[in-house]
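Report on one structure; see the data block that follows.
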Amino acid sequence: MAQQTIPQNKMIMWVIIALIIGGIAYYVYGGQGNKYGSSGGVKETTTKEAGTATTGTEIVLAPVAGHTPSQNGTANLEEKDGKVVVTLNVAPVLDGPQPAHIHMGDCLATGDVVYPLTSLVEGKSISTLDVSMEALKAQLPLVINVHKSADEASVYTACGSL
């Protein structure tokens with residue numbers, strides 16, 4: 001009888017270990033499984049303002065592996081009067097302004113700057129782009145990168161794909 005419980009106990013132990021490892025991997029990689037953490041989950045939203053509907057997009061900004069400091073946050077893109085308003089919020093807050101841009105490409109292969117954004121101050125930034133949401137999406141793939149500082153622009157602290 002004792003011999004039957006030992007294999008059952010080992011099987012239960014291995015199932016528990018597999019669940020723990022899977023949970024840790026999901027937590028570390030944000031469910032995306034690439035070296036940049038979450039490559040930017042995108043969520044479409046619709047809001048009604050004074051009788052008009054606006055469509056927005058929320059993008060997750062994730063830390064960039066191998067770069068310190070690292071930041072998490074969101075980028076909200078909303079079309080108002082035919083222009084896209086980009087609101088960035090990241091944490092932890094770093095000293096000094098942090099440049100941010102919309103680049104061609106994705107978090108793994110960042111290309112040229114397409115749209116400069118207002119530098120973040122105390123982790124926040126609002127920029128208005130002279131482009132509609134439809135025209136912006138026609139340029140995909142695009143990525144938002146937050147840089148450590150103007151002096152260290154090659155150090156990305158957060159990234160999210162549109």
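The values are calculated or read from the model by the stated rules, or taken from the named source; none is laboratory data. Here the structure is a predicted model, which is why all the values come from computation and not from measurement. Because the Cβ atoms are built from the backbone with ideal geometry, glycine has one as well, and the counts that use them run over all protein chains shown.
Descriptive notes on the structure:
- The lone criterion from (1) acidic (Asp, Glu); (2) without any contact (Cβ under 8 Å) to a residue 24 or more places away in the chain; (3) part of a strand (DSSP E or B) left unmet by GLU78 is number (2).
- Only a single item in (1) part of a helix (DSSP H, G or I); (2) modelled with pLDDT of 90 or more; (3) not polar (S, T, N, Q) is not met by ILE24, and it is number (2).
- Verdict on LEU162 being modelled with pLDDT under 95, surrounded by fewer than 16 Cβ atoms within 10 Å (Cβ to Cβ), more than 18 Å from THR68 (Cβ to Cβ) and touching a strand residue (DSSP E or B) at 6+ places or on another chain (Cβ under 8 Å): no
- Flag for SER154 being without any contact (Cβ under 8 Å) to a residue 24 or more places away in the chain and closer than 14 Å to PRO69 by Cα: yes
- The condition of being loosely packed, with under 13 Cβ neighbours inside 10 Å and within 20 Å of VAL60 (Cβ to Cβ) holds for only one of LEU140, LEU117, LEU77, that being LEU140.
- The condition (being out of contact with any Cys (no Cβ under 6 Å at 6 or more places or on another chain) and at pLDDT 95 or above) is satisfied by just one residue among ASN76, ASN72: ASN76.
- Within segment 96-112, the set of residues being part of a strand (DSSP E or B) and under 17 Å from the mean Cα position of the chain (by Cα) comprises GLN98, PRO99, ALA100, HIS101, ILE102, HIS103, MET104, GLY105, THR110, GLY111.
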